[in-house]
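Engineer: Structure incoming, see below.
The values are calculated or read from the model by the stated rules, or taken from the named source; none is laboratory data. The shown structure was predicted, so the numbers you read here are calculated from the model rather than taken from an experiment. Positions of Cβ are generated from backbone atoms using ideal geometry, with glycine treated the same way; all protein chains shown enter the neighbour counts. The accessibility values were calculated without ligands, DNA or RNA, using every heavy atom of the protein model including side chains. Shrake-Rupley method; radii C 1.70, N 1.55, O 1.52, S 1.80 Å.
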Amino acid sequence: MSTSAAPPPPSKAKRDKRAAKPKPKPKPTARQEAVRTSMHRKKDWDDRVFEAMETAFDGCLTSKEMREMAARFLEPRHYSDIVDERVAAKLCGYPVCANPVQ
């Protein structure tokens, strides 16, 4: 009959090492900060573009509002997405028009 004995508990020194506090993170470099700032700006810009596109999907724009929004936020690919979404929703592709597709 073989009996296996449980391993002895770790010594106090080993327990203290395991419970040691983690090292503090080093300060980010200037380049890392620049990348982080750039990422936040891009995300903010993308959020603004998306809000502008959502507004154009709804079709409740005047011609002046559409021109201002397009000049500030939209690129040709965004406008193309707006047209595609409006057509899929059975609306005229032109964001200022509220007529259904015939």
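Engineer: Considering segment 72-81 alone, what residues qualify as being open to solvent by 90 Å² or more (accessible area, probe 1.4 Å) and at pLDDT below 85?
Structural biologist: Arg72
Engineer: Which numbered condition in (1) assigned to a helix (DSSP H, G or I); (2) open to solvent by less than 100 Å² (accessible area, probe 1.4 Å) is the only one that Gly93 fails?
Structural biologist: Result: Gly93 passes all but (1).
Engineer: Then there's this: Can you pull out every residue in segment 81-102 that is over 13 Å from Leu61 (Cβ atoms) and in contact with a Leu (Cβ under 7 Å, 6 or more places away or on another chain)?
Structural biologist: Pro100, Val101
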